[in-house]
Amino acid sequence: MAKRTRGIDILADILQFCDVKTQTDIVTGLTPILEREKRPDLIKELRNQLVLFDDIAYANVSGLQMLLKYVSIKDLAVALMGAPEAVVKNIASAMSKNMFNDLKTEASIMKNVSNSEISLARERILKEVKGLIKENRLYIEKPDSSKIY
């Protein structure tokens, strides 16, 4: 007998190939619908299957150090604009003092960065994150989740 695939698993697989804004919009749009249907567990399950930029807050330090070799300081500075403090702190913990100073300098000279530029920088970083996860060089352990990527 063939394994039965659940809709939530199919949606999570599809969303992994979408840009960050689309992922966020779909999850945000589904949340009130599923809460009305008394199924908030499905949103939590979907969220646990996705790797989003904010999840970098839960990445291992050695994996982040590897990530920093593949992303530019400029992309990182742009991507961290408006990012949750936990993401910034976790990335900073993986940086050398000199690299962190370079990041602060890059961020200080940036002016008028659009939301679309931030989204694109985050997408480029997430592409590298997902690649490192596949190579088992970076993992993310989300709180309140049994799933470790």
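With the condition kept exactly as written, say whether any residue in the stretch 29-44 is more than 21 Å from Val88 (Cα to Cα), open to solvent by less than 20 Å² (accessible area, probe 1.4 Å) and not charged (D, E, K, R).
Filtering the stretch 29-44 down to residues more than 21 Å from Val88 (Cα to Cα) leaves 29-44.
From what is left, the residues that are open to solvent by less than 20 Å² (accessible area, probe 1.4 Å) are none.
So far as the stretch 29-44 goes, no, none of its residues is more than 21 Å from Val88 (Cα to Cα), open to solvent by less than 20 Å² (accessible area, probe 1.4 Å) and not charged (D, E, K, R).
Inspect all residues belonging to the stretch 19-26 and state whether any of them is part of a helix (DSSP H, G or I), open to solvent by 90 Å² or more (accessible area, probe 1.4 Å) and modelled with pLDDT under 90. Yes.
If only residues of the stretch 81-92 that are assigned to a helix (DSSP H, G or I) and within 17 Å of Thr105 (Cα to Cα) are counted, the one that is most open to solvent (accessible area, probe 1.4 Å) is Lys89. Considering the stretch 128-149 alone, what residues qualify as being at pLDDT 90 or above and open to solvent by 70 Å² or more (accessible area, probe 1.4 Å)? Those that are at pLDDT 90 or above and open to solvent by 70 Å² or more (accessible area, probe 1.4 Å): Glu135, Asn136, Arg137, Tyr139. Kindly check whether there is at least one residue in the stretch 95-109 that is open to solvent by 20 Å² or more (accessible area, probe 1.4 Å), assigned to a helix (DSSP H, G or I) and under 26 Å from Leu15 (Cα atoms). For the stretch 95-109, residues open to solvent by 20 Å² or more (accessible area, probe 1.4 Å), assigned to a helix (DSSP H, G or I) and under 26 Å from Leu15 (Cα atoms): absent.
The values are calculated or read from the model by the stated rules, or taken from the named source; none is laboratory data. This one's a predicted model, so the numbers in the text were calculated from it and none came from an experiment. Quick note on the areas: whole protein, heavy atoms, side chains included, nothing else; ligands and nucleic acids left out. Shrake-Rupley method; radii C 1.70, N 1.55, O 1.52, S 1.80 Å.
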